[in-house]
Structures are given as structure tokens and as C-alpha cells.
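Asks: Sharing a structure here in C-alpha cells format.
The values are calculated or read from the model by the stated rules, or taken from the named source; none is laboratory data. Everything numeric in this text was worked out from a predicted model, so none of it was measured. Glycine gets a Cβ as well: all are built from the backbone with ideal geometry, and neighbour counts include every protein chain shown. Surface areas here come from the heavy atoms of the whole protein model, side chains and all, with no ligands, DNA or RNA. Shrake-Rupley method; radii C 1.70, N 1.55, O 1.52, S 1.80 Å.
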Amino acid sequence: MLKQNISPFHIRSVEFSDMDQLLELEKEWPVDARASAETLKMRIDKFQQGFFIAEDETGIIASIICHPYHYMPGDVANFKNWEAVVRHCYHSMSSETGANALYIISGTTKPTQHVSELFNGGVNHVVELGKKLGKQYVIGGCLLPGYSRYIEKHENISASDYVFKQSQGRCVDPLIEKYRRLGFHVPDKNHVIADYFPHGPSLNYSALVVKKLGA
């Protein structure tokens, strides 16, 4: 008799009753980067349907959070840095403003052998929500976790060149490659932004990864 392939976790929308476990999950971030209970409550209040959590028999093991935002392929001036985007999402706009995209605010995962499945599942939930809401795009501010190591081992190239570098058909940056496999791409070098989010291995660079929804 064949065994059924049962997922070791399931994904659902967040509830306020999850708060204690959400605060525990935030401990995966450095102290100065953790969201407070007040911040998490605000994110749930503002756009609960865009706040997903994954849980297994131990409880919550991951989350992914998104919010409507405006994206124009030829002008990314409103993506100056992560903090500015998040501030605008939660303090300067309503989720009903006709924004044409969903922006992935953050993703957090506890150490587990299912990291890749959690990443894929979470991002795909955001994509499906975007389609349901009639959005044109899903956008993520993607760290470049392999950038500084690549420079040390290979060559001193710019972040805007590194983002597009491939080997055997795969992006050399592991996170860019994960997004590529889910149908995201970095449209051009203007989507590679310095000082977007403080992250040593990325040398503080990030790339806006974009997935166009629909036809």
C-alpha cells in the first residue's frame, strides 16, 4: 500500500490569538530587527488576509506578510528602502487604495528541514491572494545572501551585475534563484537598490523581484 504524501505543515491566515507564538517567531531576527507586539497587531489590523502563518504539530514555524502597494516597472522611486515602503504601506495608505501589487513585507522561518517548502508555500499563497484581489504584480525586496561571498571567492563585481549572473542556467545568488523558480525576475538594473535593508552578506543591497500575475 502506497503512503500518501502528507505535508508536514499547513498554511493559514493569522489570528490575534497567535500573538504569543508570533513574538517567539520574531526571535529568529536580531534583537533590533524584531517586530514588537504593537507592530504585529497593527499589521494584522491593516491587512489580515495578507498575513499568513505556517504551523506543524509544534506550533507556528513560519510567517509571510504582504500588503498592497503601487508598482510601476519604469519608475521604482517609491522603493527607496524597505523601511520607507513598510512605513508607507501601514501609515500612509489604505489597503483599498487601488494599489496594483502586493508587496512582501517579510518572511520568517524557524530552523527546519522544510525551509524550501515553507518558502515556496508562503510565496505561492501571496501570489494566489494577489490573483484573487485582481492585482497585476507581486513584488519582493530580495536580499542577496551570496553577494559578499561571491566577491571573496571569484571577482569584485557590482551588485547590479551580480544579480543577473548565472551558472548552468541558474542564478548564482541562492535567494534570487529561489524566486526565479517561482516565476519571479529582476526586470533591470534599476531594480537593484543600495542600502535597501541592512544585511552584511548582501552588503546592504537588495533586488526587487517581480512576478506578473495573469496573462
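Asks: Limited to region 71-94, what total is found for residues that are surrounded by 17 or more Cβ atoms within 10 Å (Cβ to Cβ) and within 16 Å of the chain's Cα centre (by Cα)?
Replies: So the answer is 7.
Asks: Give the residue, chosen from Lys135, Lys131, that is of a type in the set (D, E, K, R) and outside any helix (DSSP H, G or I).
Replies: None of the other options fit; the residue is Lys135.
Asks: Considering only residues that are over 22 Å from Pro198 (Cβ atoms), open to solvent by less than 40 Å² (accessible area, probe 1.4 Å) and in contact with a Leu (Cβ under 7 Å, 6 or more places away or on another chain), which ones fall in region 33-49?
Replies: Passing the criteria: only Ala37.
Asks: Within the group Lys178, Lys211, which residue is closer than 16 Å to Ile104 by Cβ, open to solvent by 50 Å² or more (accessible area, probe 1.4 Å) and in contact (Cβ under 8 Å) with a residue 40 or more places away in the chain?
Replies: Lys178
Asks: When only residues in region 97-125 that are in a helix (DSSP H, G or I) and surrounded by fewer than 21 Cβ atoms within 10 Å (Cβ to Cβ) count, which is nearest to the chain's Cα centre (by Cα)?
Replies: Across region 97-125, the extreme among qualifying residues is Phe119.
Asks: Does region 9-32 hold any residues that are charged (D, E, K, R), open to solvent by less than 80 Å² (accessible area, probe 1.4 Å) and more than 18 Å from Pro111 (Cα to Cα), and which are they?
Replies: The answer is Arg12, Asp18.
Asks: Can I ask one more? Looking at Gly134, Gly121 in this structure, which one is without any contact (Cβ under 8 Å) to a residue 12 or more places away in the chain and within 27 Å of Pro68 (Cβ to Cβ)?
Replies: Gly134
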